Amino acid sequence: MCLAAAASRALKSVLQDALLSDGCGPRTRQPHSPTHALSCSDKLHSLNLLAHMAPLALALLTPLVLLLERGAPMAALELARSSPSFPLVLALNCCAAAGVNLSNFLVTRATSALTLQVLGKAKSVVAVAASLLLFRNPVSALGLAGYGVCLLGVAAYSRAKSASRHALAPALADGEAGTPLRVHVHRG
C-alpha cells in the first residue's frame, strides 16, 4: 500500500510538472523530455490547474470518505450543530489546503517535480527533528537511520543540481543549450 501511495504521488508530481512547466521560461526543457511535445500555449497556469484538480479530487474522494469513514459525515454535522465556530474552522482549513496545493504548483512550475519531492522529504525530516526536540517523541534506531539516509539523499541531490547548473552555465552563455539563438538575415 505504501509503495502504491508513493508511486501515485510521484505520478501526480510528474503530471503536474508536465502541465505546468513551459519550454519558454527560465527552466527550458531539452528535446528528449516527455513534456517537450506540449507547446508554450498548451501549458497551464497554477490557478487553472488547481481549478481543474479540485472538482476531480472532490468527486474521487467523497465516495471514499463515505465508504471508509462511515461515521465521519454525521460526526461533522453534529460538530457543526454543537460548535458555531466549526464551519469557520472547516472553511479556513479548506482555504489552507488550497493554499498548500497552489504553493506546490508554483514550486513545481519554478523548479521541477523531482525538486518538489526532495523538498518534501527534507520538510519531513525537519518536522521529525522538531517533534524530537519539542515533544521528546520516541524514534527507533531504524527510523533515525532512515532520516539520515534521507538527509544524505537531499545533500546528494543538492550537490548534483549545483554541479549541473555550473556545468550548464557556460553553454547557456554561449547559446549552445536552452533557448536557441535567433539569427536574422537581412537580404537586400
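Throughout, read-outs are computed from the coordinates displayed, never taken from laboratory work. Given the structure is predicted, the values throughout are model-derived calculations rather than measurements. For neighbour counting, all protein chains shown are included, and Cβ atoms are generated from backbone atoms with ideal geometry for every residue, glycine included.
Determine the shape class of segment 40-140: with a ≥ b ≥ c the square roots of the Cα gyration tensor eigenvalues, call it rounded for a/c under 1.5, and otherwise prolate if a/b is greater than b/c, oblate otherwise. It is oblate, given that a/c is not under 1.5 and a/b is not larger than b/c.
The stretch between residue 123 and residue 3 holds 41.2 nm of extra length on full extension. This uses 0.36 nm per residue minus the Cα-Cα distance.
Note on residue 135 and residue 61: the extension gain reaches 23.4 nm, defined as 0.36 nm multiplied by sequence separation minus the Cα-Cα distance. Here r is the Cβ-Cβ distance between residue 10 and residue 167 and R0 is 30 Å; the resulting FRET efficiency, rounded to 0.05, is 0.70.
Given a Förster radius of 25 Å and the C-beta distance between residue 76 and residue 54 as r, what FRET efficiency does 1/(1 + (r/R0)^6) yield to the nearest 0.05? That pair, residue 76 with residue 54, gives E of 0.85.
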